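*Asks:* Got a structure here, written out as structure tokens. Questions coming.
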Amino acid sequence: MRATSMRKYYKNYRRKPNMFFFFVMGGLFAAIGALAFFFVREGGAVWGGVCIGAGVLLAALPQLVIFERFGLKGDVLHYRRGGIPHRADVKDIGAAVICIYDEYRRGKGFVPAAFESREGPVPVPALLLFTSVSEEELDMCDRRTMTKMTFRRQLVTDMLLDFGFLEELWASGFAGKVYIFEDVAKIYRPAFDELFGGDARVSVYDRIPLRAKRNI
């Protein structure tokens, strides 16, 4: 019998830096509001209350998204979107795409996330779950953001790839296909080989559409 307890995984990568950023911004607004109470003669109490309230919201609300978590309970995926709980049956997930995790960096836009290893910077992988995908369009899906935009209508959810969760998903009632971007497949090949064991439902893609490659 499958365990009913659910292990939870974090969806986002840079949690602490983003947490501190919004705490600082919220603190600045709150400080401005406190100063308004003492130094603004007309309407100081009103402006002070508005700034303090805005500061509290700015510090607290983003944390609901920054620290979003997800997990499998049986064959049901539990996840959050904008802080709101959602669920989906893994049998309704027709495709899992593994590509490079990118994130919004202030002043830089969306850039790939990486961590330092002995060999140098290594890209962080992302996992996106869809009801279905078109293989002809996978050549545009090297990064998380582009993959979400390409298949936005079929998107169930996206997250930082945790191999523990991927193992749970593969062992569940998930019967869809897994598509891995070539650059990620090369770096994490030992882990993928151990998990998937050359299963026919797993394909590696790159800048050339899979169907075009099959016709070459």
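The values are calculated or read from the model by the stated rules, or taken from the named source; none is laboratory data. Please read these numbers as outputs of a predicted model, since none were measured by experiment. Cβ coordinates were reconstructed from backbone atoms using ideal geometry, including for glycine residues, and neighbour counts include every protein chain displayed. Protein only, heavy atoms only, side chains kept; ligands, DNA and RNA dropped before computing areas. Shrake-Rupley method; radii C 1.70, N 1.55, O 1.52, S 1.80 Å.
*Asks:* Under the condition of being buried (at least 16 other Cβ atoms within 10 Å of the Cβ) and not aromatic (Phe, Trp, Tyr), which residue from segment 97-111 is farthest from TYR188 (Cα to Cα)?
*Replies:* So, considering only residues that are buried (at least 16 other Cβ atoms within 10 Å of the Cβ) and not aromatic (Phe, Trp, Tyr), the one farthest from TYR188 (Cα to Cα) is GLU103.
*Asks:* Please indicate, with yes or no, whether at least one residue in segment 87-96 is surrounded by fewer than 17 Cβ atoms within 10 Å (Cβ to Cβ) and at positive phi.
*Replies:* no
*Asks:* Among (1) touching a residue at least 60 places away in the same chain (Cβ under 8 Å); (2) of a type in the set (Gly, Ala, Ser); (3) over 18 Å from VAL76 (Cα atoms), where does GLY164 come up short?
*Replies:* The number of the failed condition is (3).
*Asks:* Output the qualifying pairs, or none if there are none: Cβ atoms under 6 angstrom, residues six or more apart or on different chains, first residue in segment 191-205 and on the phi > 0 side of the Ramachandran plot, second residue surrounded by 10 or more Cβ atoms within 10 Å (Cβ to Cβ) and not in a helix (DSSP H, G or I).
*Replies:* none
*Asks:* Being open to solvent by less than 30 Å² (accessible area, probe 1.4 Å) and in a strand (DSSP E or B): is that true of THR147 here?
*Replies:* No, not satisfied.
*Asks:* Could you list, in sequence order, all residues of segment 43-74 that are outside any helix (DSSP H, G or I), in contact (Cβ under 8 Å) with a residue 24 or more places away in the chain and over 19 Å from VAL156 (Cβ atoms)?
*Replies:* Hit for segment 43-74 is PHE67, nothing else.
*Asks:* Please go through (1) touching a helix residue (DSSP H, G or I) at 6+ places or on another chain (Cβ under 9 Å); (2) surrounded by 15 or more Cβ atoms within 10 Å (Cβ to Cβ) for GLY83 and return the number of the only condition it doesn't satisfy.
*Replies:* So the condition that GLY83 fails would be (2).
*Asks:* Follow-up. Taking the stated definitions as given, is GLU135 of a type in the set (Asp, Glu) and touching a Phe, Trp or Tyr at 6+ places or on another chain (Cβ under 8 Å)?
*Replies:* Taking the combined requirement at face value, the residue satisfies it.
*Asks:* Tell me whether segment 12-22 contains one or more residues that are outside any helix (DSSP H, G or I), touching a Phe, Trp or Tyr at 6+ places or on another chain (Cβ under 9 Å) and touching a residue at least 60 places away in the same chain (Cβ under 8 Å).
*Replies:* Yes, that holds for at least one residue.
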